[in-house]
Amino acid sequence: MPELPEVETIRRQLEPELVGRRIESVQIKDERLTRPEPAQVVERACAGRRIESVERRGKYLMLKLERGKWLLLHLRMSGNILLHPLGPKVRYLRAVIRLEGGDTVLFTDQRRFGTAVAIDDDDLDEYLSLRAGVEPLSEALTAERIGEIAAGRRAPLKSFLLMQSGIAGIGNIYADEALHRAELHPLSPAGSMKPEHWERLREGIVAALNEGLSNGGASIDDYRDTSGGEGSMQDEFLVHTREGLPCPRCGTEIRRIVVGGRSTYYCPGCQRRLRRRARRRRAAARSRR
């Protein structure tokens, strides 16, 4: 699944090509892309509007259109955005955006989980607040903020990082890489972290995502950039998909486990498993008064 570095790579490639261009038409070729909204509603909402900016929130790619409209695209498991591809045949084509001047933007998606939503400016914050939490590469992600989000949570850290309403944009790949950098075990309860762990996790998240950005994302499955090219982050993984290989930090053999249904890679030698904090019992607290 494309995560923050992959979506941000696409955003950076699209921005100089799309800003200021007018959308002549949108053709939805698979109505699953816009459900529950009818495809025609999304097509009409975007046609004829100029693109004012290309933005991102978490894993959402966002086209800001003139007259208070947004087109939000989510690539989900296997979506890709291709910019005016040269070949006449494109597999798994789900939508075509035709631009003023003749160029096209194509949405392809083999597994058909991707989404396209046209939304009014007044409704944008409410829509995203339920789906995308704090931006991890912004100043809003502080150690204290991580502690606030994690407080009282029993979910393992791996699952905690995948929760988009908490910290947005992190998926299976960068959760593994961030936890390894932070020297935290993926099964540690999120609420068991102390302030020093919050800071290590913040640093690990930022470092892992920036590494992904500098390498154009990871192409281990379906992800491609807007020209159809592959990223190279898969060549820089510290633990993800490296089961049986030595940890680059301590040399211990990397293991694979399943956490919340997701393959998870970690080093048992240097990723410390934290214990759940014991809760104070009210009766015991009253007896000490």
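Bear in mind that the values in this text are calculations on the coordinates, not laboratory data. It should be emphasised that the depicted structure is a prediction, and the values quoted were computed from it without experimental measurement. Cβ placement follows ideal geometry from the backbone for every residue including glycine, while neighbour counts extend to all protein chains displayed.
Modelled this way, with points 7 Å down the Cα-to-C-beta line, the labels at Asp120 and Ala151 are 3.6 nm from one another. Against the chain, whose longest principal axis is taken from its Cα atoms, helix 172-182 shows a tilt of about 40°. Placing a label point 7 Å from the Cα of Met163 along the Cα-to-Cβ line, the residues of the stretch 178-203 whose backbone N sits under 14 Å from it are 188-193. GNM remark for the chain: springs join alpha carbons under 10 Å apart, and the peak mean-square fluctuation among Gly101, Gly20, Gly58 falls on Gly101. Total lysine pairs in the chain at Cα distances under 20 Å, for residues eight or more apart or on different chains: 4. By the count of neighbouring beta-carbon atoms within 10 Å, fewest first, Arg200, Arg50 end up ordered Arg50, Arg200. Annotation for the stretch 106-182 versus the stretch 201-268: alpha-carbon center distance of 17 Å. Let me check I've understood the local charge: for Pro248, count other residues with C-beta under 15 angstrom from its C-beta, Lys and Arg +1, Asp and Glu -1. What total comes out? So the environment of Pro248 carries a net charge of -4.
When only Cα pairs below 8 angstrom with a gap of at least 6 residues are kept, the stretch 148-289 shows a relative contact order of 26 percent. Size check on the stretch 52-98: the Cα extents along the three principal axes, sorted descending, read 34, 24, 14 Å.
For the chain, report the % of Cα-Cα distances exceeding 31 Å. It works out to 34 percent of all Cα pairs. Maximal additional length on extending the Gln27-Ala47 stretch stands at 6.2 nm, based on 0.36 nm per residue less the C-alpha distance. The relative contact order of the chain, computed from alpha carbon pairs under 8 Å that lie at least 6 residues apart in sequence, is 18 percent.
Axis angle, to the nearest 10 degrees, between helix 4-18 and the longest C-alpha principal axis of the chain: 20 degrees. In terms of packing, defined here as the mean over residues of other Cβ atoms within 10 angstrom, the peptides 68-81, 255-268 line up highest first as 68-81, 255-268.
Here Thr241, Thr108 are placed in order of increasing Cβ neighbour count within 10 Å, fewest first, which gives Thr241, Thr108.
In the calculated pair-distance distribution of the stretch 143-266, the portion above 16 angstrom amounts to 61 percent of the Cα-Cα pairs. A dipole drawn for the stretch 4-129 from +1 and -1 charges on Cβ atoms has a positive end, and of Gly58, Gly114, Val19 the residue lying farthest that way is Gly114. Working from label points 7 Å from Cα in the Cα-to-Cβ sense, the Lys194 to Arg112 distance is 5.2 nm. Protection proxy ranking for 133-143, 211-221, using the average of other Cβ atoms within 10 Å per residue and placing the highest first: 211-221, 133-143. Taking the longest Cα principal axis of the chain as reference, the axis of helix 195-214 is set at about 30 degrees. Dividing the summed -39500 (n - 2.57) terms of all DSSP H runs of n ≥ 4 by the residue count of the chain sets its mean residue ellipticity at 222 nm at -8000 deg cm²/dmol. Calculation over all alpha carbon pairs of the stretch 35-168 in 10 angstrom steps from 0 returns a P(r) of 10, 36, 31, 17, 6, 0 percent.
The dipole here belongs to the chain: it is taken about the Cα centre, uses +1 on the Cβ of Lys and Arg and -1 on the Cβ of Asp and Glu, and is about 2120 debye.
Full extension of the segment from Leu93 to Ser227, taken as 0.36 nm per residue of separation minus the current Cα-Cα distance, would add 46.7 nm.
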